[in-house]
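Input: a single structure, listed below in C-alpha coordinates.
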Amino acid sequence: MGFSQTKDPSGVAVVQVEGQLIVGNRQELKDLVQAAVAGGERRILIDFSRTGYIDSSGLGALVSISKRIREAGGELRLSGLNEDLRSLFELTKLDTLFAIAGTPQQALASF
Amino acid sequence: MPSPLRLCVRRSPAPGAGGAATLVTLQLPSEVACIEEAVELVTRHCLAGHASCRRTRFRLQVVLSEALSNAIVRGNGEDGRKSVHVRAELLADAIRLVVTDEGPGFDPTAVPEPIRPDQLDEANGRGLYLIRKLVDAVQFNEQGNSICMTLRRP
(Lines give C-alpha, C1' and ligand atoms only; values in the text may rest on other atoms or scores of the structure.)
Protein backbone atom coordinates (compact mmCIF):
# COMPACT_ATOMS: atom_id res chain seq x y z
CA MET A 1 0.00 0.00 0.00
CA GLY A 2 1.52 3.29 -1.04
CA PHE A 3 1.80 6.08 -3.52
CA SER A 4 4.28 6.81 -6.26
CA GLN A 5 4.67 10.01 -8.24
CA THR A 6 6.07 10.36 -11.73
CA LYS A 7 6.10 13.08 -14.35
CA ASP A 8 4.57 12.38 -17.73
CA PRO A 9 6.50 13.72 -20.77
CA SER A 10 3.56 16.09 -21.34
CA GLY A 11 4.30 17.69 -17.98
CA VAL A 12 1.46 16.17 -15.95
CA ALA A 13 2.27 14.93 -12.44
CA VAL A 14 0.97 11.35 -12.21
CA VAL A 15 0.24 9.85 -8.79
CA GLN A 16 -0.35 6.10 -8.60
CA VAL A 17 -2.42 4.70 -5.71
CA GLU A 18 -1.19 1.18 -4.98
CA GLY A 19 -3.30 -0.94 -2.63
CA GLN A 20 -5.94 0.79 -0.54
CA LEU A 21 -6.80 4.45 -0.02
CA ILE A 22 -8.22 4.49 3.49
CA VAL A 23 -8.16 6.35 6.79
CA GLY A 24 -4.69 5.01 7.62
CA ASN A 25 -2.90 6.51 4.62
CA ARG A 26 -5.10 9.28 3.22
CA GLN A 27 -2.96 11.98 4.91
CA GLU A 28 0.09 10.64 3.07
CA LEU A 29 -1.69 11.20 -0.26
CA LYS A 30 -2.84 14.67 0.79
CA ASP A 31 0.72 15.60 1.80
CA LEU A 32 2.15 14.25 -1.44
CA VAL A 33 -0.26 16.26 -3.61
CA GLN A 34 0.14 19.33 -1.40
CA ALA A 35 3.92 19.15 -1.89
CA ALA A 36 3.45 18.76 -5.65
CA VAL A 37 1.20 21.84 -5.78
CA ALA A 38 3.62 23.80 -3.58
CA GLY A 39 6.37 22.75 -5.98
CA GLY A 40 4.50 24.30 -8.89
CA GLU A 41 2.57 21.36 -10.34
CA ARG A 42 -0.78 22.48 -11.77
CA ARG A 43 -1.87 19.46 -13.81
CA ILE A 44 -2.24 16.37 -11.65
CA LEU A 45 -3.55 12.91 -12.48
CA ILE A 46 -4.36 10.37 -9.77
CA ASP A 47 -4.50 6.86 -11.20
CA PHE A 48 -6.31 3.97 -9.51
CA SER A 49 -5.38 1.14 -11.88
CA ARG A 50 -3.60 -0.65 -9.02
CA THR A 51 -6.05 0.19 -6.24
CA GLY A 52 -7.99 -2.39 -4.24
CA TYR A 53 -10.59 -0.39 -2.35
CA ILE A 54 -11.27 3.13 -1.09
CA ASP A 55 -13.14 4.10 2.07
CA SER A 56 -15.03 7.31 2.79
CA SER A 57 -11.91 8.88 4.32
CA GLY A 58 -10.11 8.24 1.06
CA LEU A 59 -12.98 9.80 -0.89
CA GLY A 60 -12.90 12.75 1.51
CA ALA A 61 -9.16 13.15 0.97
CA LEU A 62 -9.78 13.33 -2.79
CA VAL A 63 -12.41 16.05 -2.23
CA SER A 64 -9.87 18.06 -0.17
CA ILE A 65 -7.16 17.51 -2.77
CA SER A 66 -9.49 18.63 -5.53
CA LYS A 67 -10.28 21.86 -3.65
CA ARG A 68 -6.60 22.56 -3.00
CA ILE A 69 -5.68 22.10 -6.67
CA ARG A 70 -8.62 24.24 -7.79
CA GLU A 71 -7.62 27.03 -5.39
CA ALA A 72 -4.12 26.96 -6.89
CA GLY A 73 -5.60 27.34 -10.37
CA GLY A 74 -4.78 23.76 -11.34
CA GLU A 75 -6.62 20.78 -12.75
CA LEU A 76 -7.14 17.29 -11.38
CA ARG A 77 -8.08 14.16 -13.28
CA LEU A 78 -8.80 10.65 -11.99
CA SER A 79 -8.33 7.45 -14.00
CA GLY A 80 -8.19 3.68 -13.82
CA LEU A 81 -11.29 3.16 -11.66
CA ASN A 82 -12.65 -0.37 -12.11
CA GLU A 83 -16.38 -1.06 -11.94
CA ASP A 84 -16.39 -1.48 -8.14
CA LEU A 85 -14.36 1.65 -7.42
CA ARG A 86 -16.41 3.67 -9.86
CA SER A 87 -19.59 2.58 -8.06
CA LEU A 88 -18.34 4.32 -4.89
CA PHE A 89 -18.08 7.61 -6.78
CA GLU A 90 -21.51 7.11 -8.33
CA LEU A 91 -23.21 6.18 -5.04
CA THR A 92 -21.82 9.29 -3.36
CA LYS A 93 -22.43 11.48 -6.44
CA LEU A 94 -18.72 12.34 -6.46
CA ASP A 95 -18.63 11.34 -10.11
CA THR A 96 -20.23 14.75 -10.68
CA LEU A 97 -17.42 16.52 -8.80
CA PHE A 98 -14.41 14.91 -10.46
CA ALA A 99 -13.19 14.65 -14.05
CA ILE A 100 -12.91 10.86 -14.42
CA ALA A 101 -11.30 9.18 -17.42
CA GLY A 102 -11.21 5.47 -18.22
CA THR A 103 -7.47 5.10 -18.65
CA PRO A 104 -4.41 7.19 -17.69
CA GLN A 105 -3.81 7.80 -21.40
CA GLN A 106 -7.33 9.18 -21.86
CA ALA A 107 -6.90 11.35 -18.77
CA LEU A 108 -3.56 12.72 -20.00
CA ALA A 109 -5.08 13.52 -23.37
CA SER A 110 -7.91 15.46 -21.70
CA PHE A 111 -5.69 18.09 -20.03
CA MET B 1 6.59 -8.04 15.88
CA PRO B 2 3.50 -10.19 16.57
CA SER B 3 0.20 -8.95 15.21
CA PRO B 4 -1.90 -7.06 17.79
CA LEU B 5 -5.04 -8.68 16.36
CA ARG B 6 -6.74 -11.46 18.32
CA LEU B 7 -8.68 -13.78 15.98
CA CYS B 8 -10.92 -16.67 17.01
CA VAL B 9 -12.77 -18.96 14.58
CA ARG B 10 -15.41 -21.39 15.85
CA ARG B 11 -17.23 -23.78 13.55
CA SER B 12 -20.37 -24.53 15.51
CA PRO B 13 -24.03 -23.60 15.51
CA ALA B 14 -24.15 -19.87 16.15
CA PRO B 15 -26.55 -19.03 18.99
CA GLY B 16 -29.84 -17.83 17.60
CA ALA B 17 -28.62 -17.92 14.03
CA GLY B 18 -31.11 -20.56 13.01
CA GLY B 19 -28.64 -23.02 11.58
CA ALA B 20 -25.07 -24.17 11.51
CA ALA B 21 -22.64 -21.32 11.06
CA THR B 22 -19.07 -20.37 11.51
CA LEU B 23 -18.48 -17.69 14.06
CA VAL B 24 -15.43 -15.48 13.63
CA THR B 25 -14.46 -13.00 16.31
CA LEU B 26 -11.66 -10.49 16.18
CA GLN B 27 -10.43 -8.00 18.72
CA LEU B 28 -8.19 -5.17 17.60
CA PRO B 29 -6.61 -2.13 19.24
CA SER B 30 -7.78 1.40 18.46
CA GLU B 31 -5.13 1.98 15.81
CA VAL B 32 -6.01 2.87 12.22
CA ALA B 33 -2.82 1.07 11.10
CA CYS B 34 -4.52 -2.23 12.05
CA ILE B 35 -7.56 -1.73 9.81
CA GLU B 36 -6.19 -3.15 6.56
CA GLU B 37 -4.94 -6.37 8.15
CA ALA B 38 -8.22 -6.80 10.08
CA VAL B 39 -10.26 -6.28 6.90
CA GLU B 40 -8.22 -8.89 5.02
CA LEU B 41 -8.46 -11.43 7.85
CA VAL B 42 -12.21 -11.16 8.31
CA THR B 43 -12.92 -10.99 4.56
CA ARG B 44 -10.88 -14.13 3.95
CA HIS B 45 -12.85 -16.06 6.57
CA CYS B 46 -16.19 -14.70 5.33
CA LEU B 47 -15.54 -15.96 1.81
CA ALA B 48 -13.79 -19.26 2.62
CA GLY B 49 -15.63 -22.24 1.18
CA HIS B 50 -17.89 -20.11 -1.02
CA ALA B 51 -17.72 -19.39 -4.73
CA SER B 52 -15.51 -16.40 -5.35
CA CYS B 53 -17.50 -13.25 -6.00
CA ARG B 54 -15.54 -10.08 -6.74
CA ARG B 55 -18.45 -7.79 -5.90
CA THR B 56 -19.13 -9.38 -2.51
CA ARG B 57 -15.42 -9.26 -1.61
CA PHE B 58 -15.25 -5.57 -2.52
CA ARG B 59 -18.36 -4.71 -0.54
CA LEU B 60 -17.12 -6.60 2.50
CA GLN B 61 -13.76 -4.84 2.34
CA VAL B 62 -15.30 -1.37 2.06
CA VAL B 63 -17.98 -1.76 4.75
CA LEU B 64 -15.58 -3.42 7.19
CA SER B 65 -13.02 -0.69 6.62
CA GLU B 66 -15.73 1.94 7.18
CA ALA B 67 -17.13 0.35 10.32
CA LEU B 68 -13.66 -0.20 11.82
CA SER B 69 -12.63 3.34 10.99
CA ASN B 70 -15.76 4.74 12.65
CA ALA B 71 -15.24 2.53 15.70
CA ILE B 72 -11.56 3.39 16.13
CA VAL B 73 -11.62 7.10 15.29
CA ARG B 74 -15.09 8.30 16.29
CA GLY B 75 -16.15 5.63 18.78
CA ASN B 76 -12.96 5.00 20.72
CA GLY B 77 -11.28 8.30 19.85
CA GLU B 78 -8.11 6.32 19.02
CA ASP B 79 -7.72 5.67 22.77
CA GLY B 80 -5.07 2.97 23.13
CA ARG B 81 -6.80 1.55 26.22
CA LYS B 82 -9.92 0.72 24.22
CA SER B 83 -10.50 -2.12 21.76
CA VAL B 84 -12.79 -2.78 18.84
CA HIS B 85 -14.66 -6.08 18.63
CA VAL B 86 -15.72 -7.74 15.38
CA ARG B 87 -18.14 -10.64 15.28
CA ALA B 88 -18.89 -12.32 11.95
CA GLU B 89 -21.67 -14.91 11.70
CA LEU B 90 -21.17 -16.84 8.51
CA LEU B 91 -24.45 -18.37 7.40
CA ALA B 92 -25.16 -20.38 4.27
CA ASP B 93 -27.02 -17.50 2.61
CA ALA B 94 -25.68 -14.42 4.38
CA ILE B 95 -22.84 -12.80 6.28
CA ARG B 96 -23.70 -10.88 9.43
CA LEU B 97 -21.00 -8.53 10.71
CA VAL B 98 -21.17 -6.79 14.06
CA VAL B 99 -18.57 -4.13 14.89
CA THR B 100 -18.61 -2.75 18.42
CA ASP B 101 -16.50 -0.07 20.02
CA GLU B 102 -16.07 0.95 23.66
CA GLY B 103 -17.16 4.55 23.16
CA PRO B 104 -20.35 6.35 24.31
CA GLY B 105 -22.19 5.69 21.03
CA PHE B 106 -23.81 8.11 18.61
CA ASP B 107 -27.17 8.86 17.03
CA PRO B 108 -27.09 7.42 13.50
CA THR B 109 -30.23 9.36 12.54
CA ALA B 110 -28.39 12.67 13.13
CA VAL B 111 -25.94 12.13 10.25
CA PRO B 112 -26.74 14.45 7.30
CA GLU B 113 -27.28 13.04 3.82
CA PRO B 114 -23.87 13.44 2.10
CA ILE B 115 -25.24 13.55 -1.46
CA ARG B 116 -27.14 16.80 -0.88
CA PRO B 117 -25.62 19.44 -3.20
CA ASP B 118 -24.53 21.54 -0.21
CA GLN B 119 -22.76 18.52 1.34
CA LEU B 120 -21.02 17.25 -1.79
CA ASP B 121 -17.91 19.37 -1.28
CA GLU B 122 -17.48 18.21 2.34
CA ALA B 123 -14.49 16.01 3.14
CA ASN B 124 -16.33 13.95 5.79
CA GLY B 125 -19.69 12.27 6.40
CA ARG B 126 -19.94 9.57 3.73
CA GLY B 127 -19.08 6.48 5.78
CA LEU B 128 -22.47 5.48 7.12
CA TYR B 129 -24.15 6.37 3.84
CA LEU B 130 -21.78 4.09 1.94
CA ILE B 131 -22.39 1.23 4.38
CA ARG B 132 -26.16 1.58 3.97
CA LYS B 133 -25.77 1.49 0.17
CA LEU B 134 -23.42 -1.49 0.07
CA VAL B 135 -25.12 -3.98 2.41
CA ASP B 136 -28.65 -5.43 2.56
CA ALA B 137 -29.48 -4.41 6.13
CA VAL B 138 -27.99 -2.15 8.83
CA GLN B 139 -28.96 -2.01 12.49
CA PHE B 140 -27.53 -0.23 15.53
CA ASN B 141 -27.84 -1.15 19.17
CA GLU B 142 -29.65 1.29 21.44
CA GLN B 143 -26.43 2.87 22.72
CA GLY B 144 -25.19 3.49 19.17
CA ASN B 145 -21.76 1.93 19.67
CA SER B 146 -22.45 -1.30 17.78
CA ILE B 147 -23.39 -1.69 14.13
CA CYS B 148 -24.77 -4.88 12.60
CA MET B 149 -24.43 -5.21 8.82
CA THR B 150 -26.00 -8.06 6.86
CA LEU B 151 -24.84 -8.95 3.37
CA ARG B 152 -26.70 -11.67 1.45
CA ARG B 153 -24.49 -14.11 -0.41
CA PRO B 154 -24.95 -14.12 -4.21
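Overview of results
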read-out: Portion, in percent, of the accessible area of the stretch A:2-109 that falls on carbon or sulfur, probe 1.4 Å; value: 45 percent
read-out: Reachable lysines from B:K133, criterion Cα separation under 25 angstrom, eight or more residues apart if same chain; value: A:K93
read-out: Cβ-placed point charges (K, R +1; D, E -1), dipole of the protein assembly as shown about Cα centre in debye, nearest 20; value: 560 debye
read-out: Inverse mean reciprocal Cα-Cα distance (Kirkwood Rh) of the stretch B:105-154, Å; value: 12.1 Å
read-out: Chain B: calculated mean residue ellipticity at 222 nm from DSSP helix runs of at least 4, using -39500 (n - 2.57); value: -7500 deg cm²/dmol
read-out: Built amide H within the under 5 Å cut-off of B:R153, gap 5+; value: B:A94, B:I95
read-out: For chain B, built as a Gaussian network whose Cα springs stay under 10 Å, the top-fluctuating residue of B:L41, B:L120, B:L23; value: B:L120
read-out: Long-range HN-HN contacts of B:T22 with modeled amide H, under 5 Å; value: B:L90
read-out: Principal axis dimensions, the protein assembly as shown - Cα atoms, whole angstrom, descending; value: 61, 42, 39
read-out: Accessible surface, per residue, of the stretch A:2-109 when the full set of protein chains is kept, probe 1.4 Å, Å²; value: 40 Å²
read-out: Reference-scaled alpha-carbon Rg (2.2 N^0.38 Å with N residues) for the stretch B:1-145; value: 1.07
read-out: DSSP H segments from chain A that extend 20 Å or more along their own axis, Cα-based, with Kyte-Doolittle mean of -1.0 or above; value: A:56-71
read-out: Estimated dipole of the stretch B:6-152 in Debye, rounded to 20 [Cβ of Lys and Arg +1, of Asp and Glu -1, Cα centre]; value: 720 debye
read-out: Accessible carbon and sulfur surface of the stretch B:16-68 relative to its total accessible area, %, 1.4 Å; value: 49 percent
read-out: Residues in the stretch B:57-91 occluded by at least 40 Å² - accessible area, probe radius 1.4 Å, against chain by itself; value: B:F58, B:S65, B:E66
read-out: Mean separation of Cα contacts under 8 Å (6+ apart) over length of chain A, as relative contact order %; value: 25 percent
read-out: Only Lys, Arg (+1) and Asp, Glu (-1) charged, at Cβ; chain A dipole about Cα centre in debye; value: 300 debye
read-out: Environment charge at B:N145 (Cβ cut-off 9 Å; Lys +1, Arg +1, Asp -1, Glu -1); value: -2
read-out: Rel. contact order, % - alpha carbon contacts under 8 angstrom, at least six apart, the stretch B:6-152; value: 23 percent
read-out: Of A:E90, A:E28, A:E18, the one that fluctuates the most in a GNM where chain A has Cα springs shorter than 10 Å; value: A:E90
read-out: R0 of 30 Å, Cβ-Cβ distance B:V9-B:R116: FRET efficiency to nearest 0.05; value: 0.10
read-out: Heavy atoms of B:H50 accessible to a 1.4 Å probe, total area in Å² rounded to 10; value: 70 Å²
read-out: Cα shape, the stretch A:2-109, gyration tensor, a/c 1.5 rule; value: rounded
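The values are calculated or read from the model by the stated rules, or taken from the named source; none is laboratory data. What you see is a predicted model; the values in this text were computed from it and never measured. Quick reminder, even Gly has a Cβ in these numbers, built from the backbone with ideal geometry, and neighbours come from all protein chains shown. To get the accessible areas, we keep the full protein, side chains included, count just its heavy atoms, and leave off ligands, DNA and RNA. Shrake-Rupley method; radii C 1.70, N 1.55, O 1.52, S 1.80 Å.
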